[in-house]
Amino acid sequence: MSAIGKYIRPALGLAVVAALILVPMSFSRYGLFILSQWAVMTIAAMGLNLTLGYAGQVSLAQGAFVGVGAYAAAIMTTHGLPLASALVVAMLLCFAIGWLLGYPALRVQHHYLAFVTLAFSTLAFLVFRNESWLTGGTYGISNIPRPHIFGFATGKPLPFYYVCLGMLGLVTSATWWLIRSPWGRAFVALRENPIRAQSLGVDTRRYTLMAFAIGSALGGVAGAIYAPLTQYIDPVPFDLSLSLDLLMMVIVGGSGSFFGPFLGAMIAVLLPEWLRFTEGYYLLLYAIAVILLLIWSPTGILGILDRYLADRRTKVASAQRALAKSRLETAQ
Amino acid sequence: MSAVLEVSEIKKHFGGITAVNGVSFDVQEGEILGLIGPNGCGKSTLFNCILGQLMPSAGEVKVDGKLVTGLRPSELNRLGVSRTFQLLQVFPKLSVLENLILAGQEHQGSMMSRLFGRPDAGLADAANRMIGFFKLDHLANEPAGGLSYGQQKLLDAAMAFMGGPRLVLLDEPAGGVNPSMLSDLKERLAAINRERRATFVVIEHNMEFVMSLCSRVMVMAEGRVLAMGRPDEIRKNPAVIEAYLGH
C-alpha cells in the first residue's frame, strides 16, 4: 500500500507534465492562447500565494506587478532588446518595488494592508494610462515581438505556449525550492505567529519584506511573458480587477498550498471559457460556482482534498484501534 | 560565577499606570531563579521589558555584561536569550519536527546560506534528539496543532532550548499541565540546567514546582521586589505570606 503510495505522486506529476506537453499539439490557436494564459496567470498567482498564502501578507497589488513586468518587457523588446534581458529587468524592478511596498506591512496588517496595496494598484494603473511618453497611454504598445530561443522562432502559438510552459516549470521549481528551504518555514511562522517567531530569532522584518519582494517579482515574470503572449498591451488588463482575480485564484485553489494556484488559475481562466455556451449567463454562473465552493470549503479546492485524506486517515486509525481492542478482548 | 542577567531599576508605565516600578536583580550562571507574585504584579511586563517585547520606560538590562536594552526580540534571541510564553505559542500547522527546526535555524549561517542550504538547515538530528529528550517521539511528524495542551507545553519548552540558549525565561511553564506530565517537565528542565549550564528565570504560580526547582525565589508585589531569597526563607517571610502565599 505504502510502496504504491510512494510512486503515485511522482507518476501523477509526470503524467500531468506529459499531458501538458503532448495534448496541446492538436489544439487550435485559441485553445493554445487560453492554455498559455493559464500558465502565465499561474506564475502570478504563485507569487501571490507566497506573499499571502505562506507569509500571510494581504496584497491587492499583484495585478499591478504583472502590469509593471508587462510594460517593462513591451518597452524593452519593441526597442530591440532580447526578452531574456527584459525578464531580468521586470523581475528586479518588481522585486525592488515589492520590497518598498513591504514596508507598510511592517506597521499595518490585514485589511489595512490591503488598502495600502490597493492604493499602489491604482497608482500603477494611472502611470500606465497617463505617462504616454513611456507606455503609449490608452493606445498601449503593439507589435510586441516574440523571442527567438537558441535560433528557434517562437512566433507561432504552439512554440510560444512551450515558452510559457517552460517558464512555469522554472518558476515552479524555484518556488518549490524556496518553500522547502528554511525560508519557507520562516514564512509560515510569520503567518501563524509573528511574535513567537521573533522570540525564536526570526527576523520578521526582513522575511516580511522578502515575502513581498519575491511574490511581486513573480508577478513581474508573469507580466514579462504576458506581453509577448498577447503582443499588444494597454492599461485595462492591469487594473484592480486583475489583482482581485489573482487573489481569487489563490483563495479558490487553496491559499498556502503549493498546487493551489495551478487549480485556481485553471478555474479562473478555463471555467469562463467552458461556460461560454451559456452566453450572457456565464459570469453569473461562474460567480455562483465560486460562492458555493467557498461556502462548502473555505480552504479552497485543495482543502477538499485535504479533508478527504484526513477523514480517510481517521477512519483507518479508528479501524486499527477497533481491531486492537477486539484482539485485546479475545486475549482476555 | 558571573551574572548572566543583570537588571537595574527597570520601570514601565502604561499611561498613568506603573506596571513595573524600579526592579533590580541579578541572575548568576547556571542558576534557576523563580519569580512569583499575585496576578497583575508586573511579572510578565518585567519579562517583556527584559526580552525587548516592550521598551522599558527607564532602566537597563545587561546580558553577560553587555547592554541589551532596546534590542529587538529576534536580535536578543540570537544573543542566546530564549523564552516560553504563558499562553500556548507553537506553530499549529507545522509538524513538531518543523517547529523545532524553525526554533534553531535562525541561530546559524546567513539569510543566503539558509536559502541555498539544506531544507532542514542541518538541524533534523538536533531536533530529533530534543523530541526524544521531551518524550514526544511518536508525535514528531504530527502537526503541532493536533497535540494535547500538555504536549504543546512540552514542545513550547523544547523550542526555547533549540538554539542552545544561555538564558531562558519561562512564563508559567506548569500552567494547565497535568501532575504526571508536570514532574516530567520539571525533571527535563532540571536536567537541561545541569547538563548545559543553562540559566533560567521561571514565572510560576505552582508553589511546589517553584520551590523544588528554583535555587532562589524573587517575589514581586505592585511592581516592586518584595523579597528575594532561598525557597525556605521565602516560605517563612511574613510579608510574602501576607501579600501572596496566604496563611
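Read-outs: derived from the displayed coordinates by stated rules, not from any lab. Here the structure is a predicted model, which is why all the values come from computation and not from measurement. Cβ: placed from backbone, ideal geometry, glycine included. Neighbour counts: every protein chain shown.
Observations on the structure shown:
- Pairwise FRET efficiency - B:GLU142 versus B:ILE17, Cβ, R0 = 60 Å, nearest 0.05: 0.90
- Projected label points at A:LEU275 and B:SER2, each 7 Å from Cα along the beta carbon direction, are separated by 7.0 nanometres.
- The C-alpha atoms of chain B define a longest principal axis, and helix B:179-196 lies at about 80 degrees to it.
- Region A:187-230: Rg to Rh, with Rh as the Kirkwood radius over Cα pairs: 1.26
- Between 0 and 90°, nearest 10: helix B:124-133 axis offset from chain B longest Cα axis: 50 degrees
- At least 27 Å along the helix axis (C-alpha) and Kyte average at least -1.0, DSSP helices within chain A: A:2-22, A:29-48, A:83-105, A:110-130, A:157-180, A:204-230, A:301-331
- Percent RCO, i.e. relative contact order, over chain A, from Cα pairs under 8 Å lying at least 6 residues apart: 30 percent
- Subtracting the Cα-Cα distance of A:LYS6 and A:PHE115 from their residue separation scaled by 0.36 nm leaves 34.8 nm.
- Charge tally for B:LYS236 (other residues, Cβ to Cβ under 13 Å; Lys, Arg +1; Asp, Glu -1): -1.
- Region B:116-247 shape via C-alpha gyration tensor axes, a/c threshold 1.5: prolate
- Neighbour counts of other Cβ atoms within 10 Å put A:SER59, B:SER2 in the fewest-to-most order B:SER2, A:SER59.
- Length-normalised contact order for region A:217-331 - Cα pairs under 8 Å, 6+ apart - percent: 20 percent
- Charge dipole (Cα centre; +1 on Lys/Arg Cβ, -1 on Asp/Glu Cβ; no other charges) of chain A amounts to roughly 1180 debye.
- Considering all different alpha carbon pairs of region B:27-77, the Kirkwood hydrodynamic radius works out to 12.1 Å.
- Take each residue in B:154-160, count the other chain C-beta atoms within 10 Å of its C-beta, and the mean is 1.
- At the listed q of 0.18, 0.25, 0.29 Å⁻¹, the Debye profile of region A:52-98, built from one uniform point per Cα, gives log10 I(q)/I(0) equal to -0.56, -0.85, -1.01.
- Comparing A:SER26, A:LEU246, A:LEU93 along the charge dipole axis of the protein assembly as shown, the residue lying farthest to the positive side is A:SER26, per the Cβ-charge model.
- Kirkwood hydrodynamic radius of region A:152-243, from inverse mean 1/r over distinct Cα pairs, in Å: 15.7 Å
- Expressed to the nearest 5 percent, the antiparallel share of DSSP beta bridges inside the protein assembly as shown is 60 percent.
- Peptide B:66-79 shows a mean partner chain C-beta count of 3 within 10 Å per residue C-beta.
- Extending 7 Å from the Cα toward the beta-carbon at both B:TYR149 and B:MET111 defines two label points whose distance is 4.0 nm.
- Region A:191-332 - convex hull of the alpha-carbon atoms, volume per residue in Å³: 202 Å³
- When only the Cβ of Lys, Arg, Asp and Glu is charged (+1, +1, -1, -1), the dipole of the protein assembly as shown relative to its Cα centre reaches about 840 debye.
- R0 of 35 Å, Cβ-Cβ distance B:GLU195-A:ALA15: FRET efficiency to nearest 0.05: 0.10
- Region B:21-150 - charge dipole about Cα centre, Lys and Arg +1 at Cβ, Asp and Glu -1, debye rounded to 20: 240 debye
- For the residues of B:104-112, the average number of beta carbons from a partner chain within 10 Å of their own beta carbon is 4.
- Stokes-Einstein translational diffusion, the protein assembly as shown - Kirkwood Rh over all Cα pairs, 1.567 mPa s, 4 °C, in µm²/s: 48 µm²/s
- From largest to smallest, the equivalent ellipsoid semi-axes obtained for region A:28-296 from the alpha-carbon gyration tensor read 28, 22, 18 Å.
- The Rg/Rh ratio for chain B is 0.97, where Rg is the radius of gyration of the alpha carbons and Rh is the Kirkwood radius.
- Farthest toward the positive end of the dipole of the protein assembly as shown, out of B:SER2, B:GLN151, A:CYS164, is the Cα of A:CYS164, where the dipole comes from beta carbon charges about the Cα centre.
- Neighbour-count order for A:PHE187, A:PHE115, A:PHE277, fewest beta carbons within 10 angstrom listed first: A:PHE277, A:PHE115, A:PHE187
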